[in-house]
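Enquirer: Starting off with a structure, shown below.
The values are calculated or read from the model by the stated rules, or taken from the named source; none is laboratory data. All figures in this text were calculated on a predicted structure; none of them were measured in a lab. All Cβ positions, even for glycine, are placed from backbone atoms using ideal geometry, and neighbour counts span all protein chains on display.
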Amino acid sequence: MAQVNDERRQRIAFLSQELVKIDDERTELLRQLEGLDARAVVVKMEHAALLNLDSPTSRLPDEVLAMIFVAGIGLRSRFGELVSHVSRHWRRISISTPRLWANVEILTVPDPENEDARRLWPSNDEHDLKGGATLAERKRRKDRAAMYFSRSRSYPMNIRIECTDSRDALLDFLDLISHHIDHCRQLRLVGVSSAVVLLLGESLRSRPVPLLASLTLQFQWDSLWQEGTFSFEAPLLKCLHLIDIGRNHRILLQPAFARVTCLRLHSFTASTLESYETIRAGLMQLKSLHHLELSPNTDIIDSAALQPIVLPTLRLLRYGWDFPLKLPGCLRLINAASAEVLSIGSWSGGEPGPLEAQFPSLKHIILTEGSTLVMSESMIDAFRRGFPHIEQLTYRVHLLNTFANALSYILPRRGPSDSAQWPRLHTLSIDAFWRPRHDDPALHTVLQNAGPSIRKLRLSRPFFKARHASDAMQRLRDLVEVEEWYDDWPTPFAGPDRH
């Protein structure tokens, strides 16, 4: 039997005691660290409070600071959340300012049981593959939306919903929306399916929407909505933006849209007689329509049997922004006796021809040259013949060598054959997307040759930023009034807090 070494045994006992002491000291140090952390929190809070008392913003009344916060809403989304995390003082003011929380974005998360959803939310974790992470994200977004709804109180809200085709994903938010829809001012639905539209339509029918003034609806490409989905009452609904409506042409006939004054139809088709007649009926039932923007994704059906679209209250018309359309037929289909401004994008198919009968009150034409079209002098001449009595012309050009080159296209030249062209034209605006070269003598010569009828010239910022701009300006002002160009086209379809 081996003998126990007494010296080794005593050493082991000593080391065990040392380990116990080390553990005790470590525990004491951890306790001290916790105490120091707690003291640091108290000291930091007092330190921050004293610093805040000496900051310039601390001397501002709460009402003024709230106004500053509101002015910053457009700088970034979730601005209210940002300022609420700066200090307790700012947090108190931001939470008590409902307007900071009036813009709510609801981005639905796909159904975790759906195979497509799993591909959109890939993970190597088995729990995530079963939808755990997706459900957590869904809850987080719902909680954020609930926070915005709660803090906005009864302030008019702008709600943006971006959906998948999952009904379950949107059901999370329907209760929230239905309890606050009565003070919704702007509702934007992006990428919605027919199932989502049906759910929202039922929700809107069950509760009044007395403040709803603007509705944006972007369909999924293959969605088909049910008749009567938008049968709710919306007495203040004036602005309607429809995107990718596909075969849903009868949506314009819904009673909820009867009071609309501003309409934008983007990416729609009217390539059959039935679709054209439905769109025509929908437009003509808008008895107060004064602002219309049309952007078909195919050419309008070319048929002698088409009846014109008569819009007696229309004041502003924008047509064909990003697709080369057959302009002559398109314009001849619209009869707008009160229209004063016509904006035309890319087109094809020849000259517009005489159109004064369709637009007898027209005063301002906006021609936009896109990347797919280069404006020619013959095209400008065609517009001179088609609209001989306009008073203002805006030329927005994609590529421009010189301003003088653009003016040589636009301005009528004095002579026996040109004396009657655009006799009332007094204001010219030129906007170049790319910086053109300066050619001051040529610009001066073109204006001199145009005669005294041109009284005002608006040029885009590159003209004023170029070298020797002040000298060129003085020479031009001897002939005409010169201003910097600005886009005065109304933007009722813009995002939150823009009108």
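Enquirer: Can you name the condition, by its number, that PHE433 falls short on among (1) modelled with pLDDT under 70; (2) within 18 Å of SER343 (Cβ to Cβ); (3) crowded, with 21+ Cβ neighbours inside 10 Å?
Expert: (3)
Enquirer: Next question. Return the pairs, sorted by first residue and then second, in which the second residue is at pLDDT 85 or above and exposed (fewer than 13 other Cβ atoms within 10 Å of the Cβ), the first residue lies in segment 479-497 and is part of a loop (DSSP other than H, G, I, E, B), the beta carbons are less than 7 Å apart, and the residues are 6+ apart or on different chains.
Expert: Close Cβ pairs (under 7 Å, with a partner that is at pLDDT 85 or above and exposed (fewer than 13 other Cβ atoms within 10 Å of the Cβ)) amount to VAL480/ARG455.
Enquirer: Oh, and also: Within segment 374-381, does at least one residue satisfy the condition of being closer than 30 Å to THR298 by Cβ, in contact with a Ser or Thr (Cβ under 9 Å, 6 or more places away or on another chain), outside any loop (DSSP other than H, G, I, E, B) and modelled with pLDDT of 75 or more?
Expert: No, segment 374-381 contains no residue that is closer than 30 Å to THR298 by Cβ, in contact with a Ser or Thr (Cβ under 9 Å, 6 or more places away or on another chain), outside any loop (DSSP other than H, G, I, E, B) and modelled with pLDDT of 75 or more.
Enquirer: Exactly one of (1) of a type in the set (S, T, N, Q); (2) surrounded by fewer than 16 Cβ atoms within 10 Å (Cβ to Cβ); (3) touching a helix residue (DSSP H, G or I) at 6+ places or on another chain (Cβ under 9 Å) is unmet by GLN10. Its number?
Expert: Of everything listed in (1) of a type in the set (S, T, N, Q); (2) surrounded by fewer than 16 Cβ atoms within 10 Å (Cβ to Cβ); (3) touching a helix residue (DSSP H, G or I) at 6+ places or on another chain (Cβ under 9 Å), GLN10 misses just condition (3).
Enquirer: What number of residues within segment 36-72 are of a type outside the set (Phe, Trp, Tyr), within 28 Å of PRO98 (Cβ to Cβ) and in a helix (DSSP H, G or I)?
Expert: Counting residues in segment 36-72 that are of a type outside the set (Phe, Trp, Tyr), within 28 Å of PRO98 (Cβ to Cβ) and in a helix (DSSP H, G or I) gives 18.
Enquirer: Being surrounded by fewer than 16 Cβ atoms within 10 Å (Cβ to Cβ) and assigned to a helix (DSSP H, G or I) is the filter; apply it to segment 82-94 and report the residue that is modelled with the lowest pLDDT.
Expert: ARG88
Enquirer: Do you know which residues across segment 307-343 are small (Gly, Ala, Ser), surrounded by fewer than 21 Cβ atoms within 10 Å (Cβ to Cβ) and either at pLDDT 95 or above or assigned to a loop (DSSP other than H, G, I, E, B) (or both)?
Expert: ALA337, SER338
Enquirer: Could you list, in sequence order, the residues of segment 261-306 that are assigned to a loop (DSSP other than H, G, I, E, B), among the polar types (S, T, N, Q) and at pLDDT below 90?
Expert: Correct list: THR269, SER271, THR272, ASN297, THR298, SER303.
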